[in-house]
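Below is one structure, written out as structure tokens; comments come after it.
The values are calculated or read from the model by the stated rules, or taken from the named source; none is laboratory data. Here the structure is a predicted model, which means the values were calculated and not measured. Counting neighbours? That spans all protein chains shown, and the Cβs are built from the backbone with ideal geometry, glycine included. Please note that ligands, DNA and RNA were not included when accessible areas were found on the heavy atoms of the full protein model with its side chains. Shrake-Rupley method; radii C 1.70, N 1.55, O 1.52, S 1.80 Å.
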Amino acid sequence: MRSNRTATIQTTCDHEDCTGYAITAGMSATREERDANHRRTLAADGWTDVEGRDYCPDHPAA
């Protein structure tokens, strides 16, 4: 699940038993740039995005 704010994006794992989260901070001109940066940093940290749901490295999507 993503929470977008002006300068930060917080992502929590969508696995029902997980409390893992990641925060991306930065100033981007557009939502598209923020979303692209979000996906890039998630992948670099081992997270996966499956159909708009985010999963931490400990709880990969089935």
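Rounded to a whole number, what % of the accessible area of region 7-52 do carbon and sulfur atoms account for, probe 1.4 Å?
On region 7-52, the fraction of accessible area on carbon and sulfur atoms equals 48 percent.
Test of understanding: what is the full-extension gain from Ala25 to Thr12, defined as 0.36 nm times their sequence separation minus their Cα-Cα distance?
3.2 nm
Measuring from label point to label point, each 7 Å out along Cα→Cβ, what is the Ala43 to Asp58 span in nm?
Here the answer is 2.5 nm between the modelled labels.
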